[in-house]
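Engineer: Structure below; questions to follow.
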Amino acid sequence: METAQFPIEKADYMTSKKKLFPKILLLPLAIIGAIFIVRMMMQNKAPLEHEVKTFPERLASVMTVESIPFSARAVAYGNVEPSVSLKYKAEVGGKITYVHPRLKQGGSIPKGTEVLRIEPTTFEISLGQSKAGLANTESSLRQLEAEERSAKSSLDIAKRNLSLGQQEYNRVRTLWDKRLIARSTLDAEQQKVLQLSSTVQDIQGNLDTFKSRRAAINAQIQQSQSTVAEKKDSLSRTSVRLPFDSRIGEVLAEEGAFVSVGAQLFEVLGTNAVEIQAQLSIRSAGQLLSAYSQKADNLSSPQRMQEVMSQIKLDTKVRLVSGVTTPSWDAQLLRIGEAIDPSRDTIGFTVQVENPYDGVILGKRPPLLRGLYVAVDFKAPLQNRLVIPRKSLHEGRVYLVNAEDKLEIRPVSVAFVQGDLVVIESGLVAGDRIITSDLVPVISGVPIKAVDTEKEYELFRQQAAGELAL
């Protein structure tokens with residue numbers, strides 16, 4: 001049974017295989033045909049039209065960078081102080097017998113005026129005693145000089161007597177040699193010569209003492225003269241006169257009061273000049289002094305320091321901070337502080353204003369009184385620098401218009417910023433065109449249409465030169 005069925009199954013399999021073969025061959029042919037049809041359609045289709053898209057042109061204010069005259073400026077603040085302020089103290093003790101009527105706080109008194117007097121009687125008596133002692137010593141010197149003249153005359157007489165005695169002795173000796181006289185006569189003459197010689201020696205010895213006696217008396221005279229000068233000086237100090245035109249500060253002296261040596265009497269303020277120690281930030285000070293960047297050696301030498309200071313020429317003006325009017329005064333830089341204020345990071349620039357009371361107009365131009373709070377404007381000499389508006393600087397970069405009139409973004413190095421101005425250290429050159437207006441969005445390569453800003457640039461130049469306020 002099994003042997004008979006096998007040929008039948010094999011025959012069915014062969015029949016199925018013959019039917020499947022045409023179907024498998026048909027699929028690849030269909031795919032190839034479809035590809036052929038699509039290719040023919042693409043070749044016969046008209047080409048697509050392409051539209052080129054570009055950035056729209058942007059309007060922008062453009063300024064050409066130039067090396068222009070630039071003046072570094074800074075403002076500092078401080079209080080007015082007189083250049084000369086003296087606190088008078090009593091140099092002698094005693095009772096105050098006179099006080100000038102205008103010796104009051106705020107008073108004005110001219111130079112040379114006697115403003116205070118201390119009872120001088122005690123000092124006058126002491127001076128009289130010293131003068132009497134000096135006169136007595138000078139009298140002793142005159143007496144000594146008279147004695148010296150008398151001794152010199154006596155010496156001359158004694159010498160002449162000795163000479164005559166010697167001649168007489170020689171004559172008597174000649175007679176003795178001839179044995180014409182007695183020996184006693186010769187001895188008597190010899191005795192006379194010895195006595196005359198002794199007299200000459202005594203007088204000469206007395207004259208030799210006059211030199212030392214004169215020196216002692218001269219020393220006494222010098223001492224007496226010093227005492228008299230001292231007493232005169234003490235007497236002069238009982239009267240106080242002002243050494244210059246003065247405004248009066250604090251007054252402690254009162255007529256009739258007793259003062260001891262060293263007691264404070266009053267304070268005077270000079271009117272010829274005032275000083276202001278203006279505190280300036282280190283950054284601003286560096287900007288002002290950048291015009292004097294030459295090398296300075298050995299600043300520890302006072303002479304060299306003074307030479308360097310004399311070369312710093314800053315245009316300096318003092319003006320009021322408060323008030324309806326803003327008068328100003330020309331000033332001069334005197335010195336720069338020796339230390340930095342660590343709490344404020346500032347340094348003091350001391351300036352002087354001469355004749356602060358000249359040109360006073362009540363209600364409009366007051367005098368520069370002590371304690372007045374003022375502003376000090378410093379302006380350095382002009383120097384050519386590359387300067388751009390501050391609004392053109394964007395986080396250390398500037399926007400430029402290149403030769404193809406397209407936007408270029410370029411980093412720059414800034415020397416310093418002053419108000420609305422920026423001084424460029426590097427990154428720009430003369431002739432570069434920078435954008436001074438707002439530009440949104442900022443995309444490198446955007447076409448730029450420049451707008452003329454000549455009027456704005458002229459104002460910018462005036463600001464840089466210090467002709468207009470920042």
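Engineer: Hey, among the residues in the range 370-384 that are open to solvent by 50 Å² or more (accessible area, probe 1.4 Å) and charged (D, E, K, R), which one's nearest to the chain's Cα centre (by Cα)?
Structural biologist: Checked the range 370-384; the qualifying residue nearest to the chain's Cα centre (by Cα) is Lys379.
Engineer: Looking at Ile203, is it at pLDDT below 90, open to solvent by less than 60 Å² (accessible area, probe 1.4 Å) and within 25 Å of Ser153 (Cβ to Cβ)? Break it down stepwise before answering.
Structural biologist: On the way: at pLDDT below 90: yes; open to solvent by less than 60 Å² (accessible area, probe 1.4 Å): yes; within 25 Å of Ser153 (Cβ to Cβ): yes.
Yes, satisfied.
Engineer: Condition first: part of a loop (DSSP other than H, G, I, E, B) and at pLDDT below 85. Now tell me which residues in the range 446-464 satisfy that. Can you show your working first?
Structural biologist: Of the residues in the range 446-464, the ones part of a loop (DSSP other than H, G, I, E, B) are 446, 452-453.
Correct list: Asp452, Thr453.
Engineer: When you look at Leu421, is it modelled with pLDDT under 85, under 11 Å from Pro389 (Cβ atoms) and either surrounded by 17 or more Cβ atoms within 10 Å (Cβ to Cβ) or of a type in the set (A, V, I, L, M, F, W, C) (or both), yes or no?
Structural biologist: no
Engineer: While we're looking at this one, here's another question. How many of the residues making up the range 282-306 are part of a helix (DSSP H, G or I), at pLDDT below 75 and charged (D, E, K, R)?
Structural biologist: 1
Engineer: Anything in the range 84-102 that is of a type in the set (Gly, Ala, Ser), in contact with a Leu (Cβ under 9 Å, 6 or more places away or on another chain) and open to solvent by less than 50 Å² (accessible area, probe 1.4 Å)? List them, or say none.
Structural biologist: Ala90, the sole residue that qualifies.
Engineer: Turning to a different aspect of this structure: Considering only the range 350-358, I want to know if a residue exists there that is at pLDDT below 90, under 20 Å from Ser83 (Cβ atoms) and open to solvent by less than 60 Å² (accessible area, probe 1.4 Å).
Structural biologist: no
Yes/no per residue for (1) touching an Asp or Glu at 6+ places or on another chain (Cβ under 9 Å); (2) closer than 30 Å to Tyr77 by Cα; (3) not small (Gly, Ala, Ser):
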residue: Lys379; (1), (2), (3): yes, yes, yes
residue: Ser426; (1), (2), (3): no, no, no
residue: Thr436; (1), (2), (3): yes, no, yes
residue: Lys449; (1), (2), (3): yes, no, yes
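Engineer: Return a yes/no flag: does the range 114-135 have any residue that is part of a loop (DSSP other than H, G, I, E, B), closer than 26 Å to Ser226 by Cβ and in contact (Cβ under 8 Å) with a residue 12 or more places away in the chain. Lay out the reasoning, then the answer.
Structural biologist: Filtering the range 114-135 for residues part of a loop (DSSP other than H, G, I, E, B) gives 119-120.
So of that shortlist, the ones also closer than 26 Å to Ser226 by Cβ come out as 119-120.
Still in the list and also in contact (Cβ under 8 Å) with a residue 12 or more places away in the chain: 119-120.
Yes - at least one qualifying residue is present in the range 114-135.
Engineer: Just to be sure before I move on: is Arg160 open to solvent by 100 Å² or more (accessible area, probe 1.4 Å), assigned to a helix (DSSP H, G or I), closer than 17 Å to Gln201 by Cβ and modelled with pLDDT of 90 or more in the structure I sent?
Structural biologist: Yes: the conditions hold for Arg160.
Engineer: Taking the range 243-277 as the region of interest, how many residues are more than 30 Å from Thr122 (Cα to Cα), assigned to a strand (DSSP E or B) and either of a type in the set (S, T, N, Q) or open to solvent by 70 Å² or more (accessible area, probe 1.4 Å) (or both)?
Structural biologist: Residues that pass the stated criteria total 2.
Engineer: Restricted to the range 337-377, and to residues that are without any contact (Cβ under 8 Å) to a residue 40 or more places away in the chain and hydrophobic (A, V, I, L, M, F, W, C), which residue is farthest from Asp315 (Cα to Cα)?
Structural biologist: Here the residue is Leu362.
One line per residue, one yes/no per condition, for (1) open to solvent by 100 Å² or more (accessible area, probe 1.4 Å); (2) outside any loop (DSSP other than H, G, I, E, B); (3) at pLDDT below 85:
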site	(1), (2), (3)
Ile32	yes, yes, yes
Ile35	yes, yes, yes
Met41	yes, yes, yes
Pro47	yes, no, yes
His50	yes, no, yes
Ser61	no, yes, no
Ala76	no, yes, no
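Engineer: Consider Val401 carefully, then state whether it is free of Cβ contacts under 8 Å to residues at least 40 places away in the same chain and out of contact with any Phe, Trp or Tyr (no Cβ under 9 Å at 6 or more places or on another chain).
Structural biologist: Considered against the rule, which asks whether it is free of Cβ contacts under 8 Å to residues at least 40 places away in the same chain and out of contact with any Phe, Trp or Tyr (no Cβ under 9 Å at 6 or more places or on another chain), Val401 comes out as no.
Engineer: Say we look at the range 124-149 and pick out the residues that are of a type in the set (A, V, I, L, M) and farther than 23 Å from Gly93 by Cβ; which of these is surrounded by the most Cβ atoms within 10 Å (Cβ to Cβ)?
Structural biologist: Leu134
Engineer: Out of all the residues in the range 238-280, which are among the charged types (D, E, K, R) and more than 20 Å from Val84 (Cα to Cα)?
Structural biologist: Glu254, Glu255, listed by residue number.
Engineer: Any residue at all in the range 225-241 that is assigned to a loop (DSSP other than H, G, I, E, B) and either touching a residue at least 24 places away in the same chain (Cβ under 8 Å) or of a type in the set (Asp, Glu) (or both)?
Structural biologist: yes
Engineer: Would you call Asp452 out of contact with any Pro (no Cβ under 8 Å at 6 or more places or on another chain), among the acidic types (Asp, Glu), touching a residue at least 24 places away in the same chain (Cβ under 8 Å) and within 25 Å of Leu59 (Cβ to Cβ)?
Structural biologist: No: the conditions fail for Asp452.
Engineer: Go through the range 390-407 residue by residue and tally those that are surrounded by 19 or more Cβ atoms within 10 Å (Cβ to Cβ) and in a strand (DSSP E or B).
Structural biologist: Within the range 390-407, residues that are surrounded by 19 or more Cβ atoms within 10 Å (Cβ to Cβ) and in a strand (DSSP E or B) number 5.
Engineer: Scan the range 209-229 and give yes if some residue there is open to solvent by less than 50 Å² (accessible area, probe 1.4 Å) and over 60 Å from the mean Cα position of the chain (by Cα), otherwise no.
Structural biologist: Yes, that holds for at least one residue.
The values are calculated or read from the model by the stated rules, or taken from the named source; none is laboratory data. All values derive from a computational prediction rather than experimental measurement. So basically every Cβ, Gly included, is an ideal-geometry build from the backbone, and we count neighbours across all protein chains shown. The protein model used for the area step is the full one, side chains on, heavy atoms only, and it has no ligands, DNA or RNA in it. Shrake-Rupley method; radii C 1.70, N 1.55, O 1.52, S 1.80 Å.
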